[in-house]
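Following: one structure in structure tokens, then a few remarks.
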């Protein structure tokens, strides 16, 4: 997704409309990208600054924090940057000799910030294993653990 900035000499703006596919450079926490599109434009304002305005949206497949199954997570990233800021923040995305902007690197660096640390679609799940059970926070414990029975007798004496 290289954008030739020399086109701005002949046009008012450069349209951006790309479908984004999963890449090896993608964050390991992202399993896949679905319906990922970047739309927007690159233009020069009255101060002769080159500006990038685009929206990167779609669905990423990530692991569920509880079940570890792949689940969809929708995202939408608005990028509104000046080329000078882009060069400063994403030094490897701009090649001055060719006057091109590599939009792909900017997108990957922004999508990494959108990946949630923890995300699940089943917060009320009761999950069981061999000798253990995970219950949601609203579950009441039935009965008293026999190891704590003596403490119950101590608490009754304080009435």
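For residue 46 and residue 64 in one chain, what is 0.36 nm times their gap in residues minus the Cα-Cα distance, to one decimal in nm? Before the final figure, lay out each step's value.
On the way: separation 18, 0.36 × 18 = 6.48 nm, distance 4.72 nm.
Gain on stretching residue 46 to residue 64: 1.8 nm.
Extension gain, residue 73 to residue 150: 0.36 nm times the residue separation minus the Cα-Cα distance gives 22.9 nm. For the range 2-122, the Kirkwood estimate of hydrodynamic radius, built from reciprocal distances between every pair of different alpha carbons, is 15.5 Å. So if I take the centroid of the Cα atoms in the range 13-80 and the same for the range 99-124, what is the distance between those two points in Å? With the range 13-80 and the range 99-124 each reduced to a Cα centre, they are spaced 7 Å. For 68, 33, the sequence from fewest to most other C-beta atoms within 10 Å is 68, 33.
Each reported figure results from applying straightforward, stated rules to the coordinates on display, with no laboratory input. It should be emphasised that the depicted structure is a prediction, and the values quoted were computed from it without experimental measurement. A quick note on method: Cβ atoms are made from the backbone with ideal geometry, for glycine too, and the neighbour counts reach across all protein chains shown.
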